[in-house]
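Structure first, then comments.
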Amino acid sequence: MNGSSVGIVLEFNKESPSDIVIDWLSNNLYFIDDTRKRIEAYNIHTQARRVIIWRSLREPKSITLHPAEG
């Protein structure tokens with residue numbers, strides 16, 4: 001991920017991500033799905049997508065990561 005190969009990694013249909021962050025150590029892209037009120041992770045190498053948090057999220061607005069801490 002040095003910026004030399006630019007392209008679409010993940011497409012959103014009706015979903016509306018309000019925040020997107022990348023963990024450059026694990027190659028995971030984290031995003032907030034405002035419509036479904038959940039936080040998801042997407043691995044840019046394996047293309048695996050999973051829901052991380054979906055319970056008790058009322059108004060998710062932003063994500064903060066600390067890649068070195070895991």
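The values are calculated or read from the model by the stated rules, or taken from the named source; none is laboratory data. Source: prediction; values computed, not measured. Counting neighbours? That spans all protein chains shown, and the Cβs are built from the backbone with ideal geometry, glycine included. Only protein heavy atoms, including side chains, enter the accessible area calculation; ligands, DNA and RNA are left aside. Shrake-Rupley method; radii C 1.70, N 1.55, O 1.52, S 1.80 Å.
Using the structure shown, decide if residue 21 is among the hydrophobic types (A, V, I, L, M, F, W, C) and free of Cβ contacts under 8 Å to residues at least 40 places away in the same chain. Criteria not met by residue 21. In the stretch 60-70, the residue that is farthest from the chain's Cα centre (by Cα) out of those that are loosely packed, with under 10 Cβ neighbours inside 10 Å and farther than 19 Å from residue 25 by Cα is 61.
Within the stretch 38-59, the residues that satisfy the criterion of being open to solvent by less than 100 Å² (accessible area, probe 1.4 Å) and under 13 Å from the mean Cα position of the chain (by Cα) are 38, 39, 40, 41, 42, 43, 44, 48, 49, 51, 52, 53. A Cβ distance below 9 Å, combined with a sequence gap of six or more or placement on separate chains, defines the contacts here; from the stretch 51-69, residues that are small (Gly, Ala, Ser) reach residues that are open to solvent by less than 100 Å² (accessible area, probe 1.4 Å) and outside any loop (DSSP other than H, G, I, E, B) in the pairs 62/18; 62/19; 62/21; 62/32.
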